[in-house]
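Step one of this worksheet: look at the structure below.
The values are calculated or read from the model by the stated rules, or taken from the named source; none is laboratory data. From a predicted model like this one, the values you see are computed outputs, not experimental measurements. For neighbour counting, all protein chains shown are included, and Cβ atoms are generated from backbone atoms with ideal geometry for every residue, glycine included. Please note that ligands, DNA and RNA were not included when accessible areas were found on the heavy atoms of the full protein model with its side chains. Shrake-Rupley method; radii C 1.70, N 1.55, O 1.52, S 1.80 Å.
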Amino acid sequence: MRLKIDAQRKLFKRDIMIYGHFLEHFHRQIYGGVFEPGSPLSDDDGFRVDVMDALKKIRVPVIRWPGGCFVSSYHWKKAVGANRVASFDKSWRVEDDNSFGTDEFIKLCGKLGCEPYICLNAGTGSIEEMSDWVEYCNLDHEGEFAKWRIANGHRKPYEVKYWSIGNENYGAWELGAKDSDTWSRLVEESAKLITHVDPNVELTAAALDDIDWNVKLLTRAGERLKWISIHGYWDGLWNVDEPADYMQVMAMSGHTGDALGRVRGLLKAMNLDKSVKIAYDEWNLRGWHHPAAHTVEQGKTPEEYLYPRDRNDINSTYTMADAVFTACFLNTMLRNADVVGMANFAPAVNTRGAIYVYPEGIVKRTTYHVFDMFANMMGDTVLDSWASNGESMICPVKGSDRFEATDCVDAVATLDIDSGKICVSLINRHPEKEQQVIVTGVSGKCRSYTLCGNSP
Ligand code: AHR
């Protein structure tokens, strides 16, 4: 394959938030993940120091919280102040003692030096409960909720910039799901209240690559939104945990830009591509395993719906396939960095995350090392480049008897404006064959860093 780089053609700057992450109150992402008061590995605030250090190493720029489906029946007021009220989480059917709430989340982001991004309950919540949350976080002292924050020991406003109205409210699995007409009106009214509290916030709303949903949403509320949110999981393991094999994943890795391209096209058609950015604010190759939860028939015993969630913890699930897919996804984000400003790996910790946490330590899964390379080495500016004469390979499509051709190599070139260094992400999808790539258009000393395994 030949890769011609035009180092003079700087296409656009990428937002570092494309290397963002997501944490939900699901299984052990929060409790027993980032937050474990009483653990000898935790600091005085109850945060696992080893987990914090690992997240800081990959420069996590933004964390979306508290869900995900969890948020669609979450009431934030139960999880602030001295008297936390334990809730029954109707999404995941477990008790949450609410010891981790808004103040703890803001503290977590402070320790990591990352932006907090809060997802609002547009499922069972009211538009006023949403705007009250913005008051609590962002007003200096005016009104009941800012005063409540001060009484809880936090004098200065949190200045939370990123807020999402809802999570997947289009989905039958979501609590308080809405049709597209109801949704567009709800987003407009929520946005009105929220921006009357703090006009500095940047709002997004739950969306997907569906014309009807997005046309109604953007027609009615587009001028009040800075972002539109979409999600992607390619290996749907919600009910049956049979992970796609390496070659099936390689087929999936050729589709990391499909939904994005459709939403991008719609924003362009509606002349919103300059004012509304895409937040890919939940993505992962692997869907989370939680059987009998997103279904009409709910699990009746813990064996049916609760204990199987531990299968997400099987570290050997996450192989070079996950690493190659994740690198292909991040290459796609760089190629589309003019319209994608944020992406959040779902999740950061435990479940299908980059880091597995157990009482005595952590495991950095294959995907962790991909974030380590991209966040620390790739430049901030995407350069024009084009590939030719590349080989392709035939890959099976999971769940069908079809096969499809996938390029063996996926490449993106970047420039670090300050240092002038060019960094190229070259991904070899082939399970065993080396690929020769002749890179032209650049010169000088070259150093290569390779992430590989002794088997797929
Ligand atoms: O499987 C986990 C769920 O995936 C998240 O809670 C939701 O946002 C998405 O459907």
Checklist entry - Can you tell me which residue in the range 272-294 is farthest from the ligand (Cβ to nearest atom), limited to those that are open to solvent by 20 Å² or more (accessible area, probe 1.4 Å) and touching a residue at least 60 places away in the same chain (Cβ under 8 Å)? => result Asp273
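Can you name the residue in the range 206-247 that is of a type in the set (Gly, Ala, Ser) and within 14 Å of the ligand (Cβ to nearest atom) and is also nearest to Ser275 (Cα to Cα) among such residues?
As a first pass, look at the range 206-247 and keep what is of a type in the set (Gly, Ala, Ser): 206-207, 221-222, 229, 232, 236, 244.
If we keep only those that are within 14 Å of the ligand (Cβ to nearest atom) as well, we get 206-207, 229, 232, 236.
Numbers: Ala206: 17, Ala207: 16, Ser229: 14, Gly232: 23, Gly236: 32 Å.
Taking the candidates together, the pick is Ser229.
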Next on the checklist: Considering only residues that are away from the ligand (no atom under 16 Å from the Cβ) and either open to solvent by less than 10 Å² (accessible area, probe 1.4 Å) or in contact with a Cys (Cβ under 9 Å, 6 or more places away or on another chain) (or both), which ones fall in the range 62-85?
Outcome noted: Val62, Trp76, Ala79, Val80
Item to check | Residues being within 27 Å of Ser164 (Cα to Cα), among the hydroxyl-bearing types (Ser, Thr, Tyr) and at pLDDT 95 or above - total across the range 271-306 | outcome: 2
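In the range 25-61, what residues are among the small types (Gly, Ala, Ser) and open to solvent by 60 Å² or more (accessible area, probe 1.4 Å)? Before the answer, list the steps.
So the first thing to find is which residues in the range 25-61 are among the small types (Gly, Ala, Ser), and the list is 32-33, 38-39, 42, 46, 54.
Within the range 25-61, Gly38 is the sole residue that qualifies.
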Next on the checklist: So Leu217 ticks every box in (1) more than 26 Å from Asp338 (Cβ to Cβ); (2) free of Cβ contacts under 8 Å to residues at least 40 places away in the same chain but one. Which box is left unticked?
Outcome noted: (1)
Checklist entry - Which residue, of Gly379, Gly299, Gly341, is more than 27 Å from Gln248 (Cα to Cα), open to solvent by less than 10 Å² (accessible area, probe 1.4 Å) and within 16 Å of the ligand (Cβ to nearest atom)? => result Gly299
Next on the checklist: I'm told Met393 meets every condition in (1) open to solvent by 20 Å² or more (accessible area, probe 1.4 Å); (2) touching a residue at least 12 places away in the same chain (Cβ under 8 Å) except one. Can you identify the failing condition by its number?
Outcome noted: (1)
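Among the strands (runs of 3 or more DSSP E) contained in the range 27-135, which hold 3 or more residues that are under 18 Å from the mean Cα position of the chain (by Cα)? Talk me through it step by step, then tell me what you get.
Values: elements: 62-65, 87-89, 94-96, 115-120.
By residue number, 62-65, 115-120.
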Item to check | Hey, Gly353 out of contact with any helix residue (DSSP H, G or I) (no Cβ under 6 Å at 6 or more places or on another chain), more than 16 Å from the ligand (Cβ to nearest atom) and at pLDDT 95 or above or not | outcome: no
Checklist outcome for this item: Scanning the range 420-431 residue by residue, the ones that are exposed (fewer than 11 other Cβ atoms within 10 Å of the Cβ) and touching a residue at least 24 places away in the same chain (Cβ under 8 Å) total 0
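From the list Asp313, Asp338, pick out the single residue that is within 30 Å of Lys226 (Cβ to Cβ) and either acidic (Asp, Glu) or over 17 Å from the mean Cα position of the chain (by Cα) (or both). Talk me through it step by step, then tell me what you get.
Details: Asp313 fails: within 30 Å of Lys226 (Cβ to Cβ).
When all the criteria are applied, what remains is Asp338.
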Item to check | Complete set of residues in the range 278-290 that are in a strand (DSSP E or B) and in contact with a Phe, Trp or Tyr (Cβ under 8 Å, 6 or more places away or on another chain) | outcome: Ile278, Ala279, Asp281, Glu282, Trp283, Asn284, Leu285, Arg286
Next on the checklist: When the residues of the range 35-88 are narrowed to those that are among the basic types (Lys, Arg) and in contact with a helix residue (DSSP H, G or I) (Cβ under 8 Å, 6 or more places away or on another chain), which ends up farthest from Ala205 (Cα to Cα)?
Outcome noted: Lys57
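Listed here are the residues, each with its yes/no results for (1) over 30 Å from Asp416 (Cα atoms); (2) of a type in the set (A, V, I, L, M).
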{"site": "Gly287", "(1), (2)": "yes, no"}
{"site": "His290", "(1), (2)": "yes, no"}
{"site": "Gly299", "(1), (2)": "yes, no"}
{"site": "Glu304", "(1), (2)": "yes, no"}
{"site": "Asn312", "(1), (2)": "yes, no"}
{"site": "Asp322", "(1), (2)": "no, no"}
{"site": "Asp338", "(1), (2)": "no, no"}
{"site": "Met342", "(1), (2)": "no, yes"}
{"site": "Ala348", "(1), (2)": "no, yes"}
